Structures are given as structure tokens and as C-alpha cells.
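Peer 1: After the C-alpha cells below, expect a handful of questions from me.
The values are calculated or read from the model by the stated rules, or taken from the named source; none is laboratory data. Everything numeric here is computed off the predicted structure, so don't read it as measured data. Cβ sites come from the backbone with ideal geometry, for glycine too, and all protein chains shown count toward neighbours.
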Amino acid sequence: MYHLIKTENHARRGCFETVHGTVQTPAFMNVATAGAIKGGLSAFDLKNNDCQVMLCNTYHLHLRPGDDKVAMLGGLHRFTRWNGPILTDSGGFQVFSLSKLRKITEEGVTFASHLDGRRIFMGPEQSMQIQANLGSTIAMAFDECMENPAEYHYAKASCDRTVRWLKRCKTEMQRLKQSGQAINPNQLLFGINQGCCYDDLRIEHMREIAELDLDGYAIGGLAVGEPKEEMYRVISVVEEHMPKDKIRYLMGVGTPGNILEAVRRGVDLFDCVMPSRNARHGHLNTWQGIINIKNAKYELDESPVDSECDCECCRNFSRAYLRHLFKADEMLGMRLAVMHNLHFYNHLMIRIRQALDEGNFDAFYRRYVDVLDRRI
RNA sequence: GUGGGUGUAGUUCAGUUGGUUAGAGCACCAGAUUGUGGAUCUGGGUGUCGUGGGUUCGAGUCCCAUCUCCCACC
């Protein structure tokens with residue numbers, strides 16, 4: 001259940017109540033693809049770095065260890081020891097991003113596993129079944145994330161099919177919960193808006209899925225190569241037609257600047273691989289901008305990554321040490337870097353919420369929107 | 001001590017009968033990365049060709065000396 005606490009223009013300050021705890025929004029969800037944050041972080045590290053929601057991947061966990069095994073082990077919460085809210089992606093995006101050999105029919109998608117190449121079929125019912133076995137707090141609808149650009153006629157047909165898939169997802173989810181097959185009997189379902197960059201398709205699709213009265217609504221199919229101005233425009237176009245009393249989730253976004261822009265346009269929830277992936281490559285977020293810790297200029301730099309940050313890395317270690325760990329390919333370097341970036345993102349959201357609480361989000365936005373994305 | 005071999009980028013090496021601005025892998029330097037493949041891609045040569053001299057229009061390449069390291073023999 002989403003509660004709107006306060007607004008500043010389109011920006012929203014709210015909270016989202018779930019059986020696994022309340023999420024203060026706007027919020028960023030930390031990505032733990034296969035039940036762990038890449039780079040060697042556990043659920044306890046997430047807790048210690050002010051993470052509110054862990055995001056796990058349906059597709060990856062289905063392949064390994066198998067959602068049936070996770071169910072036998074009591075579900076994702078018990079398996080990973082994360083006791084807060086978990087959102088599971090539907091697997092739809094992986095089907096389209098990881099697998100080249102795929103066939104889409106009304107029933108679902110047949111594609112090749114990226115692990116061993118075997119053929120896998122996934123449709124709305126399979127996705128719901130897997131997510132029910134995982135026992136996540138929030139399940140995402142199985143959708144088609146189109147490539148950009150896409151032909152208008154294809155995009156329209158795809159949107160229509162995604163609506164039909166969404167209805168099947170809702171029906172299957174209800175069946176699984178009623179028959180006691182879901183690990184989490186209170187599992188929530190979010191719908192996903194598609195429509196490429198065609199405003200009319202986006203609006204029509206949003207109106208259709210809004211009628212289904214789901215627990216939350218996501219905007220998908222963005223940040224897939226289109227110019228960021230185009231992304232912001234689509235967010236604004238869609239936002240106007242999103243239910244005001246439901247939480248809004250912008251999937252896969254993004255940079256700190258992207259998040260500030262999207263919050264300003266009324267988005268509540270985010271997830272992105274950038275903070276963790278960039279950290280693994282030595283790209284670290286700071287309140288001054290982005291640094292590449294591998295750069296030679298940090299070889300003798302005894303200052304912390306970010307003097308304004310109080311994460312484990314910045315409290316204890318120097319840029320010189322972190323650079324050395326990266327150059328020496330020591331696991332600790334990656335772990336500290338990922339920890340720092342996730343801490344940074346979670347604290348970016350904390351400061352956004354504070355700004356909204358105090359009614360000065362616009363000033364906060366103007367101060368940081370360009371600063372945080374620049375390379376220094 | 002004698003004989004043979006060796007020396008070119010940080011490193012391992014290539015470099016034609018002497019011919020334009022000495023190349024490759026790795027490393028290194030720098031950039032990209034948006035519902036995660038610790039992946040991948042893009043750009044950059046960073047050099048006293050061991051040293052000194054000689055031959056030549058021209059030397060990494062040929063000649064002499066010298067030094068280094070390796071091998072064999074005494």
C-alpha cells in the first residue's frame with residue numbers, strides 16, 4: 001500500500017508498506033541478480049549501507065540454483081538472509097537482452113539459455129510460477145522490452161500483447177496465492193508500461209494497465225539507447241496517466257542525474273546496475289562527480305574516495321590504497337568500491353527525501369543534477 | 001681464461017638482400033557501459049634498438065671495440 005506524504009510540484013515523497021517492511025520513497029533498489037550483490041556483498045552489507053529494497057533476478061535464479069530449490073529452502077528471504085522487501089524482475093528483460101535466439105508467440109518466448117544454450121520457454125504463467133517460488137515481496141509482470149527504435153506497427157502489436165500477458169500474470173498470481181503455492185501469500189504484482197518512444201502508444205498502454213488495479217506501476221523500455229531528453233519526455237508523458245495513489249517505478253535507471261530528473265517528474269522507485277557495475281570497473285560516485293580510481297593521479301592520494309561519505313571504504317581507506325587493490329586485482333578493492341557506490345546511491349535517496357520533507361527539493365535538484373554525472 | 005650465443009617498449013618477442021615515421025601480444029595510460037555475463041568495446045606507443053666508434057646517400061640490420069647475461073670447455 002502506497003501513501004503519499006508530500007509533493008513538490010510533480011516530485012513525490014511517500015512510503016510503501018509491505019509485509020517485509022515499509023519503503024520510504026523515493027527509493028533506490030540495490031541489484032542482487034543471483035541473490036548476492038556482485039562484488040562480494042551480502043544482505044548484511046546491504047543493511048549496513050542503508051539499502052531498503054533488494055532486487056533479484058527471476059531468470060538467473062530460475063537457471064541457477066532453480067526456483068524450485070529456492071522454494072524448498074524456504075524462499076529468497078530465508079535463502080539470502082535479507083529480511084526487507086525483495087523485488088524480482090520478471091525475466092522479460094533478460095530474454096531480450098541476453099539471448100539472441102528467441103521466438104516470440106502469443107503464448108510466450110522460447111529462447112536459449114546463456115549458460116548452456118538449452119532451449120527455455122517462458123511466458124506469463126512461468127514467470128509468475130517462478131516468482132511465486134522465489135517468494136519475493138514484489139513480482140514484476142512478464143513483458144516484452146522492445147529494442148529501440150522499433151517500428152510503430154510492431155510496437156503497437158507488442159504493447160497489445162504485453163497487456164494480454166499482464167492480464168494472464170494477474171490471473172496466474174491470484175491462482176497461485178489462492179492455491180497456497182506462493183511462498184509469500186501477500187506477494188504484490190507491478191505492471192509495466194511499454195510503447196517505445198511513441199507517445200500515443202505509451203499513453204494508451206498506461207491507461208489500459210491502470211484499469212487492472214495493480215499494486216504498482218513501472219515504466220519500462222527506457223534507457224535503452226535513446227537520448228536522455230527523449231527518456232525524460234516519455235516519463236512526463238506517461239506520468240500524467242499513472243494512478244496517483246500507486247507507487248511508480250522507473251526500471252533500470254540510472255545515473256544520479258537521471259534519478260533527480262525522474263524524481264522531479266514524479267517517479268518513486270529506481271533500480272540500476274550502474275552503481276555496482278561501474279564500481280567493479282573502478283568508476284566511483286562522489287558528491288563532486290565521478291572518479292576513476294584506477295587513474296594514475298590517485299597513486300599517492302591519501303584522501304578518501306569522498307570526504308562527505310561515511311561508508312566503510314571512505315571511513316577507513318585512502319584512494320591510493322583502493323587504487324592499489326584494483327591494480328593488484330584484489331577482491332577487497334571491488335567489494336569496497338561496490339559498497340561505496342551503493343552507499344552513495346542510498347544516501348542520494350536519503351538526501352532527496354530530506355529535501356522533499358523540507359520543501360527544498362528544487363534547490364537540491366539544481367545544485368546536483370549536473371554535478372553528480374560529470375567526470376572529474 | 002677459451003669458444004659459442006644473447007641484448008629492440010614495462011615484459012615476452014618480431015623486424016625481409018641495409019631503405020619512408022621501428023611493430024605485435026600482455027602490461028600500462030585513458031574513455032564507454034542504464035529492468036547485471038566480474039563481460040565486452042574504443043582510443044593511446046610509453047623506444048638513447050646495451051654502449052662507443054666505423055662503413056654507407058642511408059644502419060635495429062654490415063664491421064671493430066667494449067659491457068651484460070646464458071651455455072659449453074679448461
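Peer 1: If you check A:Ala355 against the conditions, is it more than 18 Å from A:Asp306 (Cα to Cα), hydrophobic (A, V, I, L, M, F, W, C) and surrounded by fewer than 14 Cβ atoms within 10 Å (Cβ to Cβ)?
Peer 2: Numbers: more than 18 Å from A:Asp306 (Cα to Cα): yes; hydrophobic (A, V, I, L, M, F, W, C): yes; surrounded by fewer than 14 Cβ atoms within 10 Å (Cβ to Cβ): no.
The answer is no for A:Ala355.
Peer 1: Please state which one of A:Leu87, A:Leu61, A:Leu55 is buried (at least 17 other Cβ atoms within 10 Å of the Cβ), in a helix (DSSP H, G or I) and within 18 Å of the chain's Cα centre (by Cα).
Peer 2: Details: A:Leu87 fails: in a helix (DSSP H, G or I); A:Leu55 fails: in a helix (DSSP H, G or I).
Of A:Leu87, A:Leu61, A:Leu55, the one residue that is buried (at least 17 other Cβ atoms within 10 Å of the Cβ), in a helix (DSSP H, G or I) and within 18 Å of the chain's Cα centre (by Cα) is A:Leu61.
Peer 1: Please go through the range A:259-268 and pick out each residue that is within 10 Å of RNA strand B (Cβ to nearest atom) and touching a residue at least 60 places away in the same chain (Cβ under 8 Å).
Peer 2: To start, the set of residues in the range A:259-268 that are within 10 Å of RNA strand B (Cβ to nearest atom) comprises A:259, A:262.
A:Ile259 - this is the single residue of the range A:259-268 that is within 10 Å of RNA strand B (Cβ to nearest atom) and touching a residue at least 60 places away in the same chain (Cβ under 8 Å).
Peer 1: Of the conditions (1) of a type in the set (Asp, Glu); (2) within 28 Å of A:Phe93 (Cα to Cα); (3) away from RNA strand B (no atom under 15 Å from the Cβ), A:Asp271 fails just one. Which one is it?
Peer 2: Only one criterion is unmet by A:Asp271, namely (3).
Peer 1: If the requirement is being β-branched (Val, Ile, Thr) and more than 7 Å from RNA strand B (Cβ to nearest atom), which of these qualifies: A:Val237, A:Val224, A:Val253?
Peer 2: Values: A:Val224 fails: more than 7 Å from RNA strand B (Cβ to nearest atom); A:Val253 fails: more than 7 Å from RNA strand B (Cβ to nearest atom).
The unique qualifying residue is A:Val237.
Peer 1: Also, quick follow-up: State whether the residues of the range A:300-314 include one that is surrounded by fewer than 19 Cβ atoms within 10 Å (Cβ to Cβ), within 15 Å of RNA strand B (Cβ to nearest atom), farther than 27 Å from A:Glu8 by Cα and free of Cβ contacts under 8 Å to residues at least 60 places away in the same chain.
Peer 2: Yes; the residues of the range A:300-314 include at least one that is surrounded by fewer than 19 Cβ atoms within 10 Å (Cβ to Cβ), within 15 Å of RNA strand B (Cβ to nearest atom), farther than 27 Å from A:Glu8 by Cα and free of Cβ contacts under 8 Å to residues at least 60 places away in the same chain.
Peer 1: Failed condition for A:Pro185, given (1) of a type outside the set (D, E, K, R); (2) surrounded by 19 or more Cβ atoms within 10 Å (Cβ to Cβ); (3) at pLDDT 95 or above; (4) part of a loop (DSSP other than H, G, I, E, B), with all others met?
Peer 2: (2)
Peer 1: While we're on this one: Under 7 Å between Cβ atoms, at least 6 apart or on separate chains: pull out the pairs that start in the range A:1-14 with a residue that is part of a loop (DSSP other than H, G, I, E, B) and end on any residue that is loosely packed, with under 14 Cβ neighbours inside 10 Å.
Peer 2: A:Met1/A:Glu17
Peer 1: I've got another one for you. Does the range A:198-210 include one or more residues that are at pLDDT 95 or above, part of a loop (DSSP other than H, G, I, E, B), more than 21 Å from the chain's Cα centre (by Cα) and surrounded by fewer than 22 Cβ atoms within 10 Å (Cβ to Cβ)? Let's see the steps before the verdict.
Peer 2: Filtering the range A:198-210 for residues at pLDDT 95 or above gives A:198-210.
Keeping just the survivors that are part of a loop (DSSP other than H, G, I, E, B) gives A:198.
Remaining after also requiring more than 21 Å from the chain's Cα centre (by Cα): A:198.
Remaining after also requiring surrounded by fewer than 22 Cβ atoms within 10 Å (Cβ to Cβ): A:198.
So far as the range A:198-210 goes, yes, one or more of its residues are at pLDDT 95 or above, part of a loop (DSSP other than H, G, I, E, B), more than 21 Å from the chain's Cα centre (by Cα) and surrounded by fewer than 22 Cβ atoms within 10 Å (Cβ to Cβ).
Peer 1: Moving to a separate point now. If I ask for residues that are within 16 Å of RNA strand B (Cβ to nearest atom), crowded, with 19+ Cβ neighbours inside 10 Å and either more than 14 Å from the chain's Cα centre (by Cα) or outside any strand (DSSP E or B) (or both), which ones from the range A:20-51 would you list?
Peer 2: A:Pro26, A:Ala32, A:Gly35, A:Gly39, A:Leu41, A:Ala43, A:Asp45, A:Leu46, A:Asn49, A:Cys51
Peer 1: May I pose another question? Between a first residue in the range A:111-124 that is within 13 Å of A:Leu98 (Cα to Cα) and a second residue that is outside any loop (DSSP other than H, G, I, E, B) and charged (D, E, K, R), which pairs have beta carbons less than 7 Å apart while being 6 or more apart in sequence or on different chains?
Peer 2: A:Phe111/A:Arg102; A:Ala112/A:Arg119
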